[in-house]
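Visitor: Please see the structure below; I have some questions.
Every number in this text was worked out from the coordinates using simple rules, so none of it is lab data. In this text the structure is predicted, and so the values were computed from the model without any measurement. Note: ideal-geometry Cβ built from the backbone for every residue, glycine included; neighbour counts use all protein chains shown.
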2 protein chains.
Amino acid sequence: MKSWIRFRHVDGHIGFGVLENHRITEYQGDMFGDAVPGAVEPSLNLDEISLLSPCMPTKVVALWNNFYALSEKLGKAAPSHPLFLIKPPMSVIGPSEPIRRPKEYGGKIAYEGELAIVIGKRCSNVSVDQADDYIFGFSCINDVTAVELLNEDPNFAQWCRAKGFDTFSCIGPVVQREFDWRNARVVTRLDGVERQNYPLSDMIFSPAEQVSLISHDMTLMPGDVIACGTSIGVGSIKDGSTVEVMIEGIGVLSNTLQNA
Amino acid sequence: MKSWIRFRHVDGHIGFGVLENHRITEYQGDMFGDAVPGAVEPSLNLDEISLLSPCMPTKVVALWNNFYALSEKLGKAAPSHPLFLIKPPMSVIGPSEPIRRPKEYGGKIAYEGELAIVIGKRCSNVSVDQADDYIFGFSCINDVTAVELLNEDPNFAQWCRAKGFDTFSCIGPVVQREFDWRNARVVTRLDGVERQNYPLSDMIFSPAEQVSLISHDMTLMPGDVIACGTSIGVGSIKDGSTVEVMIEGIGVLSNTLQNA
């Protein structure tokens with residue numbers, strides 16, 4: 001069971017299941033618990049469904065400064081503990097859903113293509129050795145930012161505000177259970193033009209280290225997402241432009257910025 | 001229906017209802033929707049229950065620098081928009097539950113007594129005039145902070161980490177629906193000694209302004225909490241010490257710091 005998805009069927013119901021050879025086996029139960037194939041409709045076509053975010057996190061923990069290449073470019077020392085902010089559940093959208101420009105914000109909006117860790121089991125204070133057991137799988141995330149708000153106030157960096165808007169956490173297309181992050185790259189394309197292409201092996205904190213260290217800061221729940229941070233090549237998105245985040249072995253996440 | 005509570009009954013079930021004259025009328029349904037008094041057990045005694053957090057927020061939006069007195073003391077200009085961080089759902093506990101010192105953190109832990117706004121209806125992009133309709137009521141919050149983590153990294157203020165630990169958002173004892181914040185004060189006592197006593201009229205952004213402005217940053221959901229920020233008198237809590245946050249018209253929220 002490699003690629004898990006959530007979807008809205010053309011008949012209106014929301015479901016989840018496994019995607020294989022362009023066919024979907026719908027499951028019943030809990031994706032992170034006892035999921036069993038549904039009896040009624042064993043297999044659906046991709047054209048019967050639209051993909052939703054593959055999970056519904058209670059929080060998205062988004063890392064800053066987690067790649068050596070970007071850290072060097074910014075002239076910032078590598079951190080000794082993951083540096084993060086929290087994005088709220090309502091910020092999450094799935095593949096093909098539009099990123100919406102916030103009302104009353106006319107400034108620059110940036111994309112950040114990243115690897116997303118999807119938590120499978122409630123975890124608190126787990127060691128690095130144990131951490132892989134708590135990872136359900138991996139996805140792509142576009143960690144969108146209203147960059148001009150970040151330093152609007154000289155006394156307080158507004159990370160949660162700049163990154164917390166509805167639709168600013170694009171996740172998908174699938175959660176891939178078997179994925180070798182050490183040999184994968186994150187490629188981000190803006191209207192088809194490659195803007196980011198960086199190796200995940202350049203991460204400062206590995207996925208297991210992130211899960212372990214962050215689980216000492218807060219309990220992580222099934223479906224929670226850790227956005228592993230981005231590397232060089234971040235840029236801004238014009239209204240109407242499409243951002244694709246592609247990680248080989250996971251898939252392509254595509255979202256368009258809408259001014260509405 | 002003034003004072004709403006959530007509780008765990010001695011028989012193990014979790015319920016909610018209205019507290020009046022030390023008696024509890026249990027309700028069925030949705031506190032923020034169609035709640036009706038239960039038929040079976042119309043009234044419970046306080047000694048049959050233990051209070052839980054009166055709501056279960058999908059996020060706690062916690063303000064920084066929202067009181068003129070503290071802003072002057074810190075020498076920071078009053079902000080032009082609420083400055084906030086996001087605390088995760090797992091940080092929330094109710095009255096009488098212990099604040100737990102994080103494992104592997106031996107540093108200072110600070111209390112901050114604050115007014116909490118509890119959202120009653122999903123809201124997005126509402127005006128200041130409309131905002132009161134979306135406020136269900138008010139509670140007390142102790143916005144706890146592992147202060148030594150805040151500036152541990154010179155490049156990134158770790159607000160979400162320092163304030164996001166499990167048990168670091170103490171909320172209660174009730175949600176008070178009829179409450180005149182303009183004439184109320186927040187009093188914080190540490191082991192019975194008064195440490196904070198400040199008027200809510202000194203707020204930079206009023207509750208309606210906070211709800212309106214933050215609803216332009218993200219959709220607020222029923223049960224979500226805005227912590228209105230604190231004023232002067234913040235201090236640290238020793239292991240075993242008890243913090244009481246008292247707001248006349250709402251009640252007393254009491255929590256003890258446990259090293260475990």
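Visitor: Could you give each residue of the range A:213-222 its phi-based ³J(HN,Hα) in whole Hz, using Karplus coefficients 6.51, -1.76, 1.60 with θ = phi - 60°, and x for Gly or Pro?
Guide: Rounded to whole hertz, the list is 5, 5, 5, 7, 9, 6, 6, 9, 10, x.
Visitor: Using Cα-only point scatterers and the Debye equation, what is log10 of I(q)/I(0) for the protein assembly as shown at each q in 0.10, 0.13 Å⁻¹, rounded to two decimals?
Guide: Log10 I(q)/I(0), no solvent term: -0.81, -1.33.
Visitor: How are the alpha carbon pair distances in the range B:129-203 distributed across 5 Å bins from zero to the largest one, expressed in percent?
Guide: 3, 12, 14, 19, 18, 16, 10, 5, 1
Visitor: At q = 0.19, 0.23, 0.30, 0.32 Å⁻¹, what log₁₀ I(q)/I(0) does a Debye calculation on the Cα points of the range B:21-74 give, no solvent, two decimals?
Guide: Reported log10 I(q)/I(0), two decimals: -0.80, -0.99, -1.22, -1.23.
Visitor: Oh, and also: Cβ under 13 Å from residue B:36's Cβ, residue B:36 left aside: what net charge do those residues give with Lys, Arg +1 and Asp, Glu -1?
Guide: -3
Visitor: Just how large is the dipole of the range A:60-258 about the Cα centre, in debye to the nearest 20, putting +1 at every Lys and Arg Cβ and -1 at every Asp and Glu Cβ?
Guide: Approximately 300 debye in magnitude.
Visitor: Here is a further query. Near residue A:60, within a Cβ-to-Cβ distance under 12 Å, what is the net charge of the other residues, with Lys and Arg +1 and Asp and Glu -1? Present the calculation step by step, with values, prior to reporting the outcome.
Guide: Values: positive: A:59, A:87, A:163, B:59; negative: A:114, A:143, A:224.
Net charge in that neighbourhood comes out at +1.
Visitor: Can you work out D for the range A:60-258 in µm² s⁻¹ from Stokes-Einstein, where Rh is the Kirkwood radius over C-alpha pairs, the temperature is 20 °C and the viscosity is 1.002 mPa s?
Guide: 128
Visitor: Hey, another quick one. Quick check: net charge around residue A:120, other residues with Cβ under 12 Å of its Cβ, Lys/Arg +1 and Asp/Glu -1?
Guide: Value of the local net charge: -1.
Visitor: If you don't mind, there's one more thing I want to ask. Out of the range B:1-101, which GluC sites (Glu not before Pro) are coil in DSSP terms and have no more than 15 other C-beta atoms within 10 Å?
Guide: Within the range B:1-101, no GluC sites (Glu not before Pro) qualify (loop, at most 15 other Cβ atoms within 10 Å).
Visitor: Then there is this: So what is the diffusion coefficient of the range B:3-52 in µm² per second by Stokes-Einstein at 25 °C and 0.890 mPa s, using a Kirkwood Rh over Cα pairs?
Guide: Estimated diffusion coefficient is 229 µm²/s.
Visitor: Return the subset of B:59/B:163; A:87/A:121; A:87/B:76; A:76/A:238; A:59/A:163 for which the Cα-Cα distance in this structure is over 18 Å, preserving the input order.
Guide: Violating the 18 Å limit, Cα to Cα: A:87/A:121; A:87/B:76; A:76/A:238.
Visitor: Compute the semi-axes of the equivalent ellipsoid of the range A:177-260, taking the square root of 5 times each eigenvalue of the Cα gyration tensor, and list them largest first in whole Å.
Guide: Numbers: eigenvalues 137, 54, 30 Å².
Rounded to whole Å, the semi-axes are 26, 16, 12.
Visitor: OK, next. Hey, how many Å between the Cα centroid of the range B:134-198 and the Cα centroid of the range A:207-260?
Guide: What the calculation gives is 30 Å, centre to centre.
Visitor: Continuing with this model, one more query. Kindly give the distances from residue A:50 to its copy-mates, label point to label point, with each label point 7 Å from Cα along Cα→Cβ, as nm values to one decimal ordered shortest first.
Guide: Listed shortest first, these distances are 4.6 nm.
Visitor: Follow-up. At 7 angstrom along the Cα-to-beta-carbon line, where would the label on residue B:130 sit relative to the other copies? Give the distances in nm, shortest first.
Guide: 4.7
Visitor: A follow-up question, please. For the range A:77-136, take N as its residue count and report Rg(C-alpha) divided by 2.2 N^0.38 Å. Mind dumping the intermediate values first?
Guide: Working: Rg = 16.2 Å, N = 60, 2.2 N^0.38 = 10.4 Å.
Taking the Cα Rg and dividing by 2.2 N^0.38 Å, one obtains 1.56.
Visitor: Still on this model: Can you list, shortest first in nanometers, how far residue A:154 lies from the same residue in the other copies, with each label 7 Å from Cα toward Cβ?
Guide: 2.1
Visitor: Run the reach check for residue A:108 against aspartates and glutamates, Cα to Cα strictly under 15 Å, same-chain hits fewer than 8 apart removed. What comes back?
Guide: Counting by Cα, and skipping residues close in sequence, residue A:108 has these aspartates and glutamates nearby: A:143, A:148, A:152, A:239.
Visitor: For residue A:80 and residue A:125, what does the FRET efficiency come to when R0 = 25 Å and r is the distance between their Cβ atoms, rounded to the nearest 0.05?
Guide: Computed FRET efficiency for residue A:80 and residue A:125 comes out at 0.85.
Visitor: Since chains A and B are linked by a rotation, which residue in A has the beta carbon closest to its axis, and how far is it in Å?
Guide: A:86, 2
Visitor: Now for a different question. Taking each residue of A:120-128 in turn, how many C-beta atoms of other protein chains fall within 10 Å of its C-beta, and what is the average?
Guide: 1
Visitor: Once you place label points 7 Å from the Cα toward the Cβ at residue B:69 and residue B:11, how far apart are they in nm?
Guide: Rounded to a tenth, the inter-label distance reads 4.6 nm.
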